[in-house]
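The values are calculated or read from the model by the stated rules, or taken from the named source; none is laboratory data. These numbers come from a predicted model, not from an experiment. Cβ: placed from backbone, ideal geometry, glycine included. Neighbour counts: every protein chain shown. Accessible surface areas use protein heavy atoms only, side chains included; no ligands, DNA or RNA. Shrake-Rupley method; radii C 1.70, N 1.55, O 1.52, S 1.80 Å.
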Amino acid sequence: MTTYILDTETTGLVEPHMTEAAYSIVDISDGNIIVLQEPRAKRFNPLKEISLGSMAISHICDEDVADEPPHTDFRLPSSVEYLIGHNIVFDMAVLKNAGVTHSPNLICTNAMANYLLPTLESHKLVSLLYHFHRDIARAQARDAHAAIADIYFTELVLGSLIDLANSQGHEISDVESLYEFSEMARIPTHLSFGKHKGEAIADLATSSEGAGYLKWLLKQDSVDPYLAQACQQALESV
């Protein structure tokens with residue numbers, strides 16, 4: 001059983017193709033992260049134009065990856081059972097677009113942060129780094145959105161989230177229990193966007209205006225299935 005912390009840089013949000021991939025190999029023992037292999041990174045030719053927005057984030061331009069191997073050369077070993085990342089569902093979609101057919105269990109630090117810190121102003125990776133590790137963030141966050149730096153930042157944030165979860169009575173001791181917690185955390189308790197950002201979904205369901213908003217969300221084609229589950233459960237419990 002192998003566990004990767006993984007991050008990708010891409011061409012954009014629409015049908016994203018990989019321009020860079022980075023990963024480290026880790027294990028979790030007694031709630032602590034053990035790094036078995038330090039982060040490694042490799043760039044790829046995405047075989048499509050990189051959006052200006054992505055260039056502004058990753059600082060990877062078309063000419064930087066023109067001579068790199070195609071993104072479809074990326075290989076995810078079948079031994080990888082768990083993938084950890086910040087909004088790892090997006091990264092998994094990037095891998096699928098590169099032709100990866102293997103489907104590991106996904107552990108999302110973004111979902112964990114939203115569950116454990118629902119009223120925090122921002123749950124972006126660097127925001128969490130400033131929240132938990134301000135000195136490191138001040139010194140190194142300028143490297144954010146370089147894939148290999150984001151692996152290191154994810155390791156730090158993940159360790160802090162595990163500590164926080166365990167301090168709140170959860171029991172995360174190994175990768176399996178971390179995955180179980182991440183799956184639970186993917187069903188949100190609070191909204192993370194919109195006019196009701198930071199408000200408890202269960203509380204919204206008790207008012208006519210809030211319930212109407214939740215019903216409106218459920219009608220949106222793009223609604224996250226985990227959010228839809230939370231909204232439906234809250235409305236049914238009233």
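Quick check: is even one residue across the range 118-128 modelled with pLDDT of 95 or more and open to solvent by less than 10 Å² (accessible area, probe 1.4 Å)?
yes
Looking at the range 33-47, is at least one residue over 26 Å from Tyr4 (Cα atoms), open to solvent by 70 Å² or more (accessible area, probe 1.4 Å), at pLDDT 95 or above and not acidic (Asp, Glu)?
no
Take the residues of the range 129-150 that are in contact with an Asp or Glu (Cβ under 9 Å, 6 or more places away or on another chain) and aliphatic (A, V, I, L, M): which is surrounded by the most Cβ atoms within 10 Å (Cβ to Cβ)?
Ala147
Which one of these does His190 not meet: (1) modelled with pLDDT of 95 or more; (2) over 30 Å from Glu38 (Cβ atoms); (3) touching a helix residue (DSSP H, G or I) at 6+ places or on another chain (Cβ under 9 Å)?
Condition not satisfied by His190: (1).
Yes/no matrix, rows are residues, columns are (1) of a type outside the set (Asp, Glu); (2) in a helix (DSSP H, G or I); (3) touching a residue at least 60 places away in the same chain (Cβ under 8 Å):
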position: Val94; (1), (2), (3): yes, yes, yes
position: Ser103; (1), (2), (3): yes, no, no
position: Ser122; (1), (2), (3): yes, no, no
position: Ala165; (1), (2), (3): yes, yes, no
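Among the residues of the range 103-116, write down those that are over 24 Å from Thr19 (Cβ atoms) and open to solvent by 30 Å² or more (accessible area, probe 1.4 Å).
Listed by number, the residues that qualify are Asn105, Asn114, Tyr115.
Is it true that some residue in the range 120-128 is out of contact with any helix residue (DSSP H, G or I) (no Cβ under 9 Å at 6 or more places or on another chain), more than 23 Å from Ile201 (Cβ to Cβ) and not polar (S, T, N, Q)?
No.
If only one of Val26, Val100, Val65, Val94 is surrounded by fewer than 19 Cβ atoms within 10 Å (Cβ to Cβ), of a type in the set (Val, Ile, Thr) and on the phi < 0 side of the Ramachandran plot, which one is it?
Answer to the selection: Val100.
Based on this model, can you work out whether Lys215 counts as out of contact with any Phe, Trp or Tyr (no Cβ under 6 Å at 6 or more places or on another chain) and not in a loop (DSSP other than H, G, I, E, B)?
Yes: the conditions hold for Lys215.
State whether one or more residues within the range 75-86 are at pLDDT 95 or above and assigned to a helix (DSSP H, G or I).
No, the conditions are met nowhere in the range 75-86.
Please work out which residue is most open to solvent (accessible area, probe 1.4 Å), limiting yourself to the range 171-212 and to residues that are touching a residue at least 40 places away in the same chain (Cβ under 8 Å) and in contact with a His (Cβ under 7 Å, 6 or more places away or on another chain).
Ser192
Considering each residue of the range 48-67, count those that are in a loop (DSSP other than H, G, I, E, B) and either at pLDDT 95 or above or within 28 Å of Tyr179 (Cβ to Cβ) (or both), and give that number.
Number satisfying all stated conditions: 8.
Before we move on, is Gly12 crowded, with 16+ Cβ neighbours inside 10 Å and farther than 19 Å from Lys96 by Cα?
So Gly12 does not fit the description; no.
If a residue has to be within 16 Å of Glu180 (Cα to Cα) and among the small types (Gly, Ala, Ser) to count, how many in the range 75-132 make the cut?
Residues that pass the stated criteria total 3.
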